[in-house]
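The values are calculated or read from the model by the stated rules, or taken from the named source; none is laboratory data. Quick caveat: nothing in here was measured; it's all calculated off a predicted structure. No Cβ is skipped: glycine too gets one built from the backbone with ideal geometry, and neighbour counts run over all protein chains shown. For accessibility, only protein heavy atoms count, side chains too; no ligands or nucleic acids. Shrake-Rupley method; radii C 1.70, N 1.55, O 1.52, S 1.80 Å.
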Amino acid sequence: MQQQTIDAAQAAAFSADAARRPGAGATPDAPVAARTPQTQNAPRRLAGVERRVAGWILPLLLILAWEALSRAGVIHGNVLPAPSAIALAGWQAARSGDLFENMAVSAARALAGLIVGGTIGFVFGIANGVSELTHRYTDTTLQMIRNVPHLALIPLVILWFGIDEEAKLFLVALGVFFPIYINTLHGVRTVDPQLIEMGRAYGMTPVTLFLRVILPGALPSIFVGLRFALGVMWLTLIVAETIAAQSGLGHMAMQAREFLQVDVVMLAILIYALLGKLADVLTRLLEGVCLSWHPNFQPARN
Amino acid sequence: MQQQTIDAAQAAAFSADAARRPGAGATPDAPVAARTPQTQNAPRRLAGVERRVAGWILPLLLILAWEALSRAGVIHGNVLPAPSAIALAGWQAARSGDLFENMAVSAARALAGLIVGGTIGFVFGIANGVSELTHRYTDTTLQMIRNVPHLALIPLVILWFGIDEEAKLFLVALGVFFPIYINTLHGVRTVDPQLIEMGRAYGMTPVTLFLRVILPGALPSIFVGLRFALGVMWLTLIVAETIAAQSGLGHMAMQAREFLQVDVVMLAILIYALLGKLADVLTRLLEGVCLSWHPNFQPARN
Amino acid sequence: MSLALAHQRRSFDAAPPPLAPPAEARGVPARFIGVTRRFGQTAVLNDLDLDIPAGQFLAVVGKSGCGKSTLLRQLAGLDAPSEGAVSIGGAEPVTRMMFQEPRLLPWRRVLANVEVGLPAKVNKAEGRERALSALEAVGLADRAGEWPAVLSGGQKQRVALARALVSRPQLLLLDEPLGALDALTRIDMQRLIERIWLEQGFTAVLVTHDVAEASALADRIVLVDAGKVALDLPAPLPRPRRRGSPESAAIEARILDQLFGA
Amino acid sequence: MSLALAHQRRSFDAAPPPLAPPAEARGVPARFIGVTRRFGQTAVLNDLDLDIPAGQFLAVVGKSGCGKSTLLRQLAGLDAPSEGAVSIGGAEPVTRMMFQEPRLLPWRRVLANVEVGLPAKVNKAEGRERALSALEAVGLADRAGEWPAVLSGGQKQRVALARALVSRPQLLLLDEPLGALDALTRIDMQRLIERIWLEQGFTAVLVTHDVAEASALADRIVLVDAGKVALDLPAPLPRPRRRGSPESAAIEARILDQLFGA
Amino acid sequence: SLAADAVVRVGYQKYGTLVLLKGKGILEKKLEPLGVTVKWSEFAAGPQMLEALNAGAIDIGQTGEAPPIFAQAASDNLIYLASEPASPAGEAIIIPKDSPLKSVEELRGKTVGLNKGSNVHFLLVKALEKHGLAYSEIKTAFLPPADARAAFERGAIDAWAIWDPFFAAAEVSIGARPLTTAEGIVPNYQFYLGSRKFADANPAIIEALISAVDETNRWVEKDTTAAAETLAPLTGIPVAALTVALKRQNFGVAPLTEKVVADQQLIADTFLKLGLLPKPVNVAEAVRKPRA
Ligand SMILES: Nc1ncnc2c1ncn2[C@@H]1O[C@H](COP(=O)(O)OP(=O)(O)OP(=O)(O)O)[C@@H](O)[C@H]1O
Ligand SMILES: Nc1ncnc2c1ncn2[C@@H]1O[C@H](COP(=O)(O)OP(=O)(O)OP(=O)(O)O)[C@@H](O)[C@H]1O
Ligand SMILES: [Mg+2]
Ligand SMILES: [Mg+2]
């Protein structure tokens, strides 16, 4: 076999398909592969705008269609008020200050529950991930408690905690506990065993091993739990705030439902949705900071 | 430096701490490290029994304490009936056939919802994990919907689906959707990019790449989602079965709650707990089969 | 010492008549035209030109971090140049790459991991047969049913080699394929690679840090330094080659001289 | 070719007076007493006896899959024998192991990954200083701030080496530490390992598949085969050693003869 | 219209006349000649039932006083079909057995549990008014009946405004005492309600329903124990308590009189003043005029 040179004619005969020019090799929609884009500046800026607004296009279209159907009389206002009517209800509630008071009260409850339940869930997740012993003795019990609906628990909760803030805090904390627990457990258990062995071989104390190897390795999964928990936090409140609440978003929603105020119910639904988005944005930012080493968790993913 | 032999005296001077005899090196409660135990047969059999019953010790203790407190009159039966009273209620409900009918009805609803919601969640999770494009356009919307409590949604659900089985199916499917979606998405996005690159370099078609690399890599995380979904499946039913249901476990619990039949409420809670355990056992079995390559997902973990 | 390797090997490619027509099975040419690849500020490949004729066995040597893997990734289409172009001849050329790490699928047993390398059109029974032959050729037929996790470092690398060699590519890229092997196994594997290349006639690009390996296998050796081809040396020695022949020693000496900055 | 490595290196251990008292800093002896390690049916180590005196530089060679890594893992306490015992001298001996894979923490930058190797009692500023010196010694000081993921294969291995060498252990275990390096860098790294061993006097066990490397570094070379020590060869050559000296060539020849089953 | 589907969808609760009607199959028998079948749907409480009625999922239902007021504010599709006479003995403000409270006046500064926006909310307002207390002088804890019972037993609330059968159950099983019943304060009616479109199109079915209810009522009055025994397994409330509840309920289904409409309007106005109702409603507009 001899060395040969490729002349111009031969080069031209190369299949165009197989030729890889700048940027050509990158599959545009494959977030799982880390490829550096080789795009120019102007299209990149446009792409940046597109990326930022893309998520809102679908919700916006839905709302527009809904408004159009309402105006056309296809959807009856008694039954499902138009977005504009809901906006009006929102505006009135906002002007009277009720809305913000309700949201502030709920937010305080939600945060307190998140902190308490999240911390406990995190601790149990870590403990049961690291120690087979505690896992063996507590996991069954936790998996059983997880399956009990909050609605069914309310009588018990009232008996234990009364009807004041403790009861609500308990329910939210209980709700938040499980996603954090399960995902922390999963994260810890799937940390690369080779790295843990490395940590041991380098004489890390259990604390160091945990801080340097196990926690960072489990973090992506813990964030999935957090993201879920941020949703559950609000969801549980709607149950918790049926217990002798005078204010709060969940109370507002459930009372409106009792009183058949469909526009307020819809307003609450929209607020829940926006809060969900907000929580998601926050988790994403946090992921961007804490997981900057991980190619798949960059804020501006390609 | 010269070669030297260690004589008996020298060997005896070796620190006992540092001497590693059979099995001594294995940290007994570290599920994250894959170590083969070197234990003998008899203690191993004993350990096997201990492992199997360990999870039930805590719930059993709780129930015993509760029964004792009830008998001692510390807990009033009107408020929180003794376990024996609950067992009696269970026995009566079982004898009349109501209990099993309610559970069968609920199980059918739960399974249908799981299949529908789980499938959709799985498909969306895969799609959004693989394609940045669909992720960009649908994830925001999904994250927003996730945050809306089912209780608040009921008016809309009745509007769209009426008060029959479709409405209940929809709610369960919606509830099941999100854990599966989020964990599938996470699983797909954290598949080792090196392996995906390998798949591409070996000319795998997208389908093959998915079946051989992405899906197996995402499976541990998908199972976390499934485990969560199996819980949510029952939790949602209690809300869904407030919509004009005549039977079902959730209906039984909520009706009992409505009419202050504390023993039936407690019975329902216990059944939910057992169903949670059952779901957990099933997922574990499934994990044992599907993740047999993964040292951390063996049924008899060390 | 058991010499399992030597007598365990059976005819690795005595399989049914090749499914791909001979014309397609031959190597394809490849060409770098002014390729620059930047990571941040640093240009790892810097206006690099390189013609690889069809069917050539090219060895690439160079210091750690000089850009050898980056060069291979350009050929495999896993990375695109920042400037310039990489072209591969032939319509839809079949390119396969053996990475510097084993990259075995942890959820597939050893045999199934080798089967990953098979062309899509091969039927199941034949594929299994071929994968098993390849495993035998790398001396691991008895480990076919195990999980990759329990293999030793060198065994993993050999499984990855078997996966690359079953694939019948037109362009085969090998990134330090024998780095984790002992002297004996290494020579066995070199012979295996040469034999399959001779049988199938694909274009081969071998990245190695062992200059003796390069001179034992390659038609041509290029040394990459500072993002460019610093030395382009033909090695037109007759095959089968003798190890330690004066000609190959001379080639090795020239490369080492250049490498050591003499 | 840039020879960055040579002039970049600064005195690697010119750091403040050693924190550990010299007596403790010395090597510890280690001993295998009838060690058998079974995986399923197969005994990878089979009634193996081996005495490693304090401060010795022992090289372990053997065919791929013969149990070298398994042997090292017994010494590191990462695996326990199925039968027999492994004892390490000294009260709480400080043992460090460099694995066959780099095993860098992907979430810590290169410098922080090297700092992982530092003894716990070192203070922050000094630790940083020492880690940086180690990185410079392996020629990667300019990559201190990067994520491990962007390094080339050989660069990752050198970071792992730096991590092992900053640790001032009493027993240092190296599992094919230079497998992914080119000839020039490899010789540089061998010199580095030898120098640090001479300075600190720890017991070193080096697994390698390069017989020349074993004879260039070790006081004693053992060849493992069929789960036993098949050859135990002292290499009492003077240091600094010359590469390719007749004495080392003779040693290499004996090992290769045994290895090739001659 | 009805001829097309030939099904009337009736909502019921676990406690009330309709569930007894369902059990006896009287309505089915009366509708058979018209070629109409009945589809029964169970609801946990009145608001949920009217939610379904508002969404068009059922045609007819029965609730207490409060839900239709809110439903009317939400939609003009609701219509009052008929009412049962006032049963003021069937709702009360109750206190635990050993409570020191003796009169409504002593509720000053105490916590009263109640379901927000229900008929007992109106009772509480009127009872306080009668005894010269301002609504702001007591504390309220808004709890649905199930939760309120737990809170009541735990002592988290000092008094509980509640209706039958929960009222009777609390009396019988834990010895709770009424501080005051609704007698002399508010009336406490039950209403049969329907979708306006359905009622306009199917007067014959409405008549059949009312006569079926009347028949059932008469059976309950005559054989209260049998009715209680039917309801006991459904609700889990002891027969003794149900008998008490049924005994103090007044039966006699009839179209709404002007007095009933006026009383109902008063509730609506009170709720409007309390800020529970978003806009004024005119009850008379939603009352079905029986054909002459
Ligand atoms: N956990 C395990 N389970 C089963 N077999 C194992 C396990 N670990 C190692 N082995 C087997 O033990 C043998 C020795 O492995 P080891 O890693 O010690 O080899 P080695 O000498 O380091 O080889 P190499 O040079 O290829 O790294 C191999 O055949 C390997 O497959
Ligand atoms: N994704 C990346 N981002 C930034 N730098 C990179 C990236 N990939 C590679 N590099 C850098 O490019 C240079 C060349 O890397 P490459 O992997 O091609 O080296 P190599 O020649 O294969 O070295 P080795 O023999 O050690 O494997 C290295 O300095 C590496 O750090
Ligand atoms: Mg490389
Ligand atoms: Mg090894």
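Taken one residue at a time, the phi angles of region A:269-282 give Karplus couplings (6.51, -1.76, 1.60, θ = phi - 60°) of 4, 5, 5, 4, 4, 5, 4, x, 5, 4, 4, 5, 4, 4 Hz. Gly and Pro are set to x. Buried surface between chains E and A: roughly 2000 Å² of accessible area, summed over both sides, computed with a 1.4 Å probe on protein heavy atoms only. Summed over both chains, the contact between D and A buries some 1700 Å² of accessible surface at a probe radius of 1.4 Å. Under 20 Å of direct C-alpha separation, and excluding same-chain neighbours fewer than eight residues apart, E:LYS102 reaches these aspartates and glutamates: E:GLU91, E:GLU129, E:GLU137, E:GLU153, E:ASP158, E:GLU171, E:GLU183. What separates the A:LEU64 label point from its copies, with the point 7 Å along Cα to Cβ, is 6.7 nm, written shortest first. Computed 3J(HN,Hα) for region B:118-125, one whole-Hz value per residue from the Karplus formula 6.51 cos²θ - 1.76 cosθ + 1.60 where θ = phi - 60°, is x, 5, 5, x, 4, 4, 5, x, glycine and proline marked x. Ordering E:ASN202, A:VAL79, C:GLN170 by the projection of their Cα atoms onto the charge dipole of the protein assembly as shown, which places +1 on the Cβ of Lys and Arg and -1 on the Cβ of Asp and Glu, puts C:GLN170 at the extreme positive end. Loop-located trypsin sites (Lys or Arg not before Pro) in region C:106-136 (DSSP state not H, G, I, E or B) with no more than 10 neighbouring Cβ atoms inside 10 Å: C:LYS121. Surface analysis of region A:106-244 yields an accessible area of 28 Å² per residue, using protein heavy atoms and a 1.4 Å probe. Rounded, prolate or oblate: which one fits region C:11-165, using the alpha carbon gyration tensor with axes a ≥ b ≥ c (rounded when a/c is under 1.5, else prolate when a/b beats b/c, else oblate)? Cα axes put region C:11-165 in the oblate bin. Computed as a quarter of the hull surface, the mean projected area of the alpha carbon convex hull for region D:75-149 stands at 6.9 nm².
Counting protein heavy atoms only, region B:106-244 has 76 percent of its accessible area on carbon and sulfur, 1.4 angstrom probe.
Residue-level result for chain D: its Cβ closest to the axis carrying D onto C, with that distance in Å, is D:GLY179, 2. Net charge around A:LYS168, counting only other residues with Cβ within less than 15 Å of its Cβ (Lys, Arg = +1; Asp, Glu = -1)? In short, -4.
Selection among B:ILE222, B:PHE210, C:ALA230 by position relative to the dipole of the protein assembly as shown gives C:ALA230 as farthest towards the positive end (Cβ unit charges, Cα centre).
In summary, the lysines within cross-link reach of C:LYS228, defined as a Cα separation below 21 angstrom excluding same-chain residues under 8 places away, comprise C:LYS63, C:LYS68. With q set to 0.15 Å⁻¹, the log10 of I(q)/I(0) for region A:106-244, from the Debye formula over equal scatterers at the Cα positions, is -0.73. Backbone amide hydrogens, once placed in the peptide plane, bring E:ASP76 within less than 5 Å of nothing, excluding anything fewer than 5 places away on its chain. Output the residues of region A:75-112 meeting this criterion: accessible area (heavy atoms, 1.4 Å probe) in the chain alone minus accessible area with all protein chains in place is 50 Å² or greater. When all protein chains are present, A:ASN78, A:VAL79 each give up 50 Å² or more of accessible surface. Counting Cα-Cα pairs of chain D in 5 Å increments starting at 0 gives whole-percent bin shares of 1, 6, 13, 17, 19, 17, 13, 9, 4, 1, 0. Between amide H atoms placed 1.01 Å from N, distances below 5 Å from E:GLY113 occur with E:ALA141, E:ASP158, E:ALA159, E:TRP160, E:ALA161, all of them 5 or more places distant or on a separate chain. In this assembly of identical copies, the label point of D:GLU92 (Cα plus 7 Å along Cα-to-Cβ) is separated from its counterparts by 6.5 nm, sorted shortest first.
When DSSP beta bridges are limited to those with both residues in chain C, what percentage is antiparallel, rounded to the nearest 5? Roughly 50 percent of the beta bridges in chain C run antiparallel, per DSSP.
Suppose R0 equals 51 Å; then what is the FRET efficiency for C:VAL229 and A:THR119 from their Cβ-Cβ distance, rounded to the nearest 0.05? Computed FRET efficiency for C:VAL229 and A:THR119: 0.30. Of all DSSP beta bridges confined to the protein assembly as shown, the antiparallel ones make up roughly 55%. Taking the chain by itself as reference, region C:161-192 contains these residues with an accessible-area loss of 40 Å² or more in the full protein complex (1.4 Å probe, heavy atoms): C:ASP182, C:ALA183, C:LEU184. log10 I(q)/I(0), Debye, Cα-only region C:106-168, no solvent, q = 0.17, 0.21 Å⁻¹? Calculated log10 I(q)/I(0) at the listed q: -0.46, -0.70. Take chain E with all the other protein chains still there, run a 1.4 Å probe, and you get 37 Å² of accessible area per residue.
With its label point defined 7 Å out from Cα along the Cα-to-Cβ axis, B:LEU88 lies at 5.9 nm from the matching points of the other copies, in increasing order.
Which value, in debye to the nearest 20, describes the size of the charge dipole of region C:106-168 about its Cα centre when Lys and Arg Cβ atoms bear +1, Asp and Glu Cβ atoms bear -1, and nothing else is charged?
200
Need the C-alpha centroid separation for region A:258-295 versus region C:210-262, integer Å. Centre-to-centre distance over Cα atoms comes out at 62 Å. For region B:187-238, go through all pairs of different Cα atoms, get the mean of 1/r, take its inverse, and jot down that Kirkwood value in Å. Roughly 12.3 Å, rounded to one decimal. Phi angles of region C:127-141 translate, via the Karplus equation with coefficients 6.51, -1.76, 1.60 and θ = phi - 60°, into HN-Hα couplings of x, 4, 4, 5, 5, 5, 4, 5, 4, 4, 4, 9, x, 10, 4 Hz per residue; Gly and Pro are given as x. Annotation note: trypsin sites (Lys or Arg not before Pro) in region C:167-198 located in DSSP loop regions with a Cβ neighbour count of at most 10 within 10 Å are absent. Residues of region B:246-263 that bury at least 10 Å² of accessible area once all protein chains are present, compared with their chain alone (1.4 Å probe, heavy atoms only, ligands and nucleic acids left out), are B:GLN246, B:HIS251, B:MET254, B:GLN255, B:ARG257, B:GLU258, B:PHE259, B:LEU260, B:GLN261. Per residue, chain C exposes 36 Å² of solvent-accessible protein surface, assessed with a 1.4 angstrom probe and all protein chains in place.
Probe radius 1.4 Å, ligands and nucleic acids left out: can you give me the accessible area buried at the A-B interface, summed over both chains, in Å² to the nearest hundred?
Buried area between the two chains comes out at roughly 7700 Å².
For C:ILE52, the residues whose modelled amide H falls within less than 5 Å of its own, excluding neighbours fewer than 5 places apart on the same chain, are C:ALA30, C:ARG31, C:PHE32. Partner lysines whose Cα lies under 25 Å from the Cα of A:LYS168, excluding those fewer than 8 positions away in the same chain, are identified as A:LYS277, E:LYS110, E:LYS116, E:LYS139. For the protein assembly as shown, compute Rh as the Kirkwood radius over C-alpha pairs and then the Stokes-Einstein diffusion coefficient at 20 °C and 1.002 mPa s; write the answer in µm²/s, rounded to an integer. D, rounded to a whole number, is 59 µm²/s. Here the accessible area is traced with a 1.4 Å probe on the protein chains. For region C:197-247, carbon and sulfur cover 59 percent of it.
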